[in-house]
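Student: Sharing a structure here in structure tokens format.
The values are calculated or read from the model by the stated rules, or taken from the named source; none is laboratory data. All of these numbers come straight from a predicted model, not from anything done at the bench. Here Cβ is always computed from backbone atoms with ideal geometry, including for glycine, and neighbour counts include all displayed protein chains.
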Amino acid sequence: MDMRLFQLFIIAILRLSYIKGELSHIVETCCMAGTDWAQQDSRCDNYPRMVSDVEDTDQQACRLILEVCCVKAKQNAKCEKGKQDGQAHLGTCLARDTEMGSEDYKECCQCCRLGGMTRAMGMECQHPNIGNPCDITFMECCTGIVNPGGGEGHSYTNRSTDISDIDECTVFSSEQLCSQICINTIGSYRCACRQGYSLARDGRTCYLTTSVVATCEENNPCNQDCIDTDSGPNCICRNGFQLRKDGVTCEDIDECRMGQARCAASEVCVNTVGNYSCQPGNQFSCPTGFVYDSLNRKCVLRRAPTDCPAGYGFNTVSGKCEDIDECIVKKHNCSSPNEVCENYAGGYQCLCSDGFELNQRNRNCEDIDECAKRKDKCTASQRCENTIGSYACRRLVGCGTGYTLDEVTQECKDQDECELGTHDCVAGYSCVNQQGSFRCIPVTCPQGQRFSQTTKQCESAICPRGLRADSNGICADIDECERTPCESFQRCVNTYGSYQCVNLINCRPGFEVGQPGNTCVDIDECQRGTHDCKAGQECSNRPGSFVCACPQGYRHDSSGQCADINECLFGSVCPLNSRCVNNQGSYECECSDGLQKVGSHCEDIDECQNSNLCQHRCVNIVGSYHCMCNPGYNLAADQRTCIDIDECQEYSSRGRLCGGDCINELGSYRCSCPEGWRLLGNGRSCQDINECEEGISRCQGPDTTCFNTRGSYKCPIVECPSGFVRTPLGPRQNRGEVVGESDDILCRKSCVFHDIECLLNKTTSVAYQFLALPTIREVIHPSVLLNITAKGFVLIPQLSLHIVFGNELELFDTIVEGDSAAFRLVKPLLGPAIHNVMLRLENRNYVGNTLISAHNSHVTIDVSHYEF
């Protein structure tokens, strides 16, 4: 169980104390019972009896606390065992998954081993940011500072009621745990950020909060001008004013006192708000050697600027030596962090800011831990938490039901349950907030409204025509006859919700009594609006009645409504190159796409007149157009632009376009050959330049041989062994199946008559053969590189050909058939590479136990980077 869940659980139990009585006194008793039970049984949910010294009404809450502390004790024990095994270097951290706390054991064991490895390698112990208990365990095993009781920041003694909290912020430096502020809590710790920063999701990193910075428009604290900066509003003063230390108030600059005024010697400086003025000073003439003091309005002795002591400056206006405020003119060296300058007469001193003190060793201003030095003013019910430059008093005891703790002032403030919506007032009652609680009072609706059980609020009473709401919101009948609505020849009869005017003479339907009341006249229902024609119909009056007609383009449907006539359904009402579009009461013919109406008919639009329509060529067709591209281009998906065809890529699956490199160009491509090759006349094939034959090689020396390679050449020095002489190799009849350049040198045995060792040597010849091959990426079946044929043997030769060295990668093999032997390639040959292989051909007698003769061949294979 995570320690934070444990804390939340205990806090939830303690909060019950404000509802059902004080329970905090049972936490220690029940928790210790759970800790003891964890050592006696493998489970925590089967405590067999009631906890002693606990009231019956508190047994249920006590059992919950017991089980949580039991589980936590098992997890702590497993974690402690894991740390011990991790420190003992016992190999892997193994535990049965079915055992309670096995995951805690593995985590603590592995994280402790990781911390020990970091310590052993001399690396710095930095917080791994994996999460607890791994982070705490890693730091303990890495630094060698291990909690005496184990666990995650707290320890329970076996038979005691003492629960001792470990202050992780003190044991480990706060910088290792948190990026800014570390706050110890019971059994753990939490990280906090300074003002203007927010805590990231990892719970320890603080980042600058820019989205909440206020603006001058939202919060302007300045009494003059305000500008917005990244850190918030910044106050600036107008000319003639300076900003006070509060950072928001501007005060007038006394230019006369500061010596900033520019008045003539015969004038007197008079300070004004935001400025100054120079007044005639004839009446203030002073004797020789004196100057007028405008501040004190008297003549004072003029002093030379050099007569002022250190820390003072000569004021040319007052003619006096005045103190220099080094803090204002920035002539001080108080530049260390949290250091401020304080001026005094004749000098200044550097002091630490409030909440900081001078470290006598490094002369830096460091934060005062008011909590540790007991310089705080927190009460007994508060916990002191140190902050940079200050401290904060945190309340230990909860505020109780109906109140919320203000984190800034640490005061309990009333919760407005009505505003928060946490009240339980039912429908028909309104919530009225009180200190620590609330009241539910019945809802009283205003005149003309009544309470709705559906919406649960007061609504206007909507009454039918002829009715109106009374004082209780009930709809009651209106007696219209009280206002005499009928004519003089009629009698008014009130009805529920209406009234009737009964004629004194009877007229047939569609007629009414006319003036002066003795004749019947037609009623124009259309003019009076008493007809029942539906929307969109036209009313036409008839004697004694009326008719409802539909306007042009409409007709009556089965329901009597006027419905639009869809003329487009009546056949080809529009030309073939247009389409019919029905609208209400009529229709219109619209030209088909790609056509435009000219007069009463449709004509084709030549879209190709728009030069920007197609990138290359435009072909107009009736009703549309088609874009075409120049050779070497394809039409893009937008059917307008043309994209270059990469012939090198497009046709790569059909074989090589170029013998060398293929270079794509806009609308085409070109072939190029590597250095040492020349492009043939067809513009595609590459031919190797034989530097040896063309005489452009630089091989010198009598034993130097020019060996042409694919794209270059080499100059190997070949010297025959002792007892051998260099002879022509003869016709090149030993070429294999792989096409490549070859140069061969043969050394035959030539012994002096008395050279017995030479005469007994069975090796009759030594060949030096040079092969130039391309890169071969696939070998389907063995390919012959060299063929060797034995000649001049009377008896059936017993030949053997084997590779002496140079085949470590097993790229080659040999085969012998009768009087012929072959040196073959069996695996892909990748370049650039050079392979030096020695072959030995031996001829033995028929039985095979006597060597008749032998031939050595030194083969140098130069493999090109290219496949051609």
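Student: Which condition number does A637 fail, the rest of (1) free of Cβ contacts under 8 Å to residues at least 40 places away in the same chain; (2) surrounded by 14 or more Cβ atoms within 10 Å (Cβ to Cβ); (3) assigned to a loop (DSSP other than H, G, I, E, B); (4) not basic (K, R) being met?
Tutor: Here A637 clears every test but (2).
Student: Filter segment 424-444 for residues that are modelled with pLDDT under 80 and on the phi < 0 side of the Ramachandran plot; which is surrounded by the most Cβ atoms within 10 Å (Cβ to Cβ)?
Tutor: Here the residue is V443.
Student: Touching a residue at least 12 places away in the same chain (Cβ under 8 Å) and on the phi > 0 side of the Ramachandran plot, is that true of G389?
Tutor: yes
Student: Could you grab me the full set of residues in segment 321-346 that are over 39 Å from the mean Cα position of the chain (by Cα) and at positive phi?
Tutor: Those that are over 39 Å from the mean Cα position of the chain (by Cα) and at positive phi: K330, G346.
Student: In addition: Would you mind stating whether L746 is closer than 22 Å to Y713 by Cβ and touching a residue at least 60 places away in the same chain (Cβ under 8 Å)?
Tutor: no
Student: Pick from A392, A427: which is among the aliphatic types (A, V, I, L, M) and in a strand (DSSP E or B)?
Tutor: Within the list A392, A427, the selection yields A392.
Student: Would you call R395 touching a Ser or Thr at 6+ places or on another chain (Cβ under 9 Å) and on the phi > 0 side of the Ramachandran plot?
Tutor: Considered against the rule, which asks whether it is touching a Ser or Thr at 6+ places or on another chain (Cβ under 9 Å) and on the phi > 0 side of the Ramachandran plot, R395 comes out as no.
Student: Of everything in segment 258-275, what is over 12 Å from T316 (Cβ atoms) and assigned to a loop (DSSP other than H, G, I, E, B)? Give them in sequence order.
Tutor: Across segment 258-275, the qualifying residues are A264, S266, V273, G274.
Student: Turning to a different aspect of this structure: Has segment 86-96 got any residue that is in contact with a helix residue (DSSP H, G or I) (Cβ under 7 Å, 6 or more places away or on another chain), under 30 Å from C191 (Cα atoms) and crowded, with 18+ Cβ neighbours inside 10 Å?
Tutor: Yes: segment 86-96 contains one or more residues that are in contact with a helix residue (DSSP H, G or I) (Cβ under 7 Å, 6 or more places away or on another chain), under 30 Å from C191 (Cα atoms) and crowded, with 18+ Cβ neighbours inside 10 Å.
Student: Would you mind stating whether E407 is assigned to a loop (DSSP other than H, G, I, E, B), charged (D, E, K, R) and within 30 Å of Q180 (Cβ to Cβ)?
Tutor: yes
Student: Can you name every residue in segment 670-692 that is assigned to a loop (DSSP other than H, G, I, E, B) and in contact (Cβ under 8 Å) with a residue 40 or more places away in the chain?
Tutor: P674, N690, C692
Student: Please tell me if A535 is modelled with pLDDT under 85 and under 30 Å from D557 (Cβ atoms).
Tutor: Judged against the criteria, A535 is a match.
For (1) surrounded by fewer than 13 Cβ atoms within 10 Å (Cβ to Cβ); (2) touching a residue at least 24 places away in the same chain (Cβ under 8 Å), each residue gets a yes or a no:
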| position | (1), (2) |
| --- | --- |
| A461 | no, no |
| R465 | yes, yes |
| D479 | yes, no |
| Y496 | yes, yes |
| Q500 | no, no |
| F511 | no, yes |
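Student: Taking the conditions exactly as written (surrounded by fewer than 17 Cβ atoms within 10 Å (Cβ to Cβ), modelled with pLDDT under 90 and either among the basic types (K, R) or assigned by TED's automatic domain parsing to the domain that holds N664 (or both)), does R698 satisfy them or not?
Tutor: yes
Student: Is it the case that C371 is within 41 Å of the chain's Cα centre (by Cα), buried (at least 17 other Cβ atoms within 10 Å of the Cβ) and within 30 Å of G473 (Cβ to Cβ)?
Tutor: Against the criterion (within 41 Å of the chain's Cα centre (by Cα), buried (at least 17 other Cβ atoms within 10 Å of the Cβ) and within 30 Å of G473 (Cβ to Cβ)), C371 does not qualify.
Student: Tell me the residue from D424, D414, D376 that is over 29 Å from Q457 (Cα atoms) and of a type in the set (D, E, K, R), please.
Tutor: None of the others qualify; the one that does is D376.
Student: Go over the candidates F868, F805 one by one and state the one that is touching a strand residue (DSSP E or B) at 6+ places or on another chain (Cβ under 7 Å) and not assigned by TED's automatic domain parsing to the domain that holds F724.
Tutor: F868
Student: Next question. Somewhere in segment 51-58, is a residue in contact (Cβ under 8 Å) with a residue 40 or more places away in the chain and closer than 24 Å to A77 by Cβ?
Tutor: No, because not a single residue in segment 51-58 is in contact (Cβ under 8 Å) with a residue 40 or more places away in the chain and closer than 24 Å to A77 by Cβ.
Student: The conditions are (1) farther than 29 Å from C30 by Cβ; (2) surrounded by 15 or more Cβ atoms within 10 Å (Cβ to Cβ); (3) modelled with pLDDT under 75, and H154 fails exactly one of them. Which is it?
Tutor: The one condition H154 does not meet is (1).
Student: Looking for something of a type in the set (V, I, T) and either part of a loop (DSSP other than H, G, I, E, B) or modelled with pLDDT of 85 or more (or both) - is there at least one such residue anywhere in segment 31-42?
Tutor: There is at least one residue in segment 31-42 that is of a type in the set (V, I, T) and either part of a loop (DSSP other than H, G, I, E, B) or modelled with pLDDT of 85 or more (or both).
Student: In the list E326, E342, which residue meets the criterion of being assigned to a strand (DSSP E or B) and at pLDDT 85 or above?
Tutor: Being assigned to a strand (DSSP E or B) and at pLDDT 85 or above holds for just one of E326, E342, which is E342.
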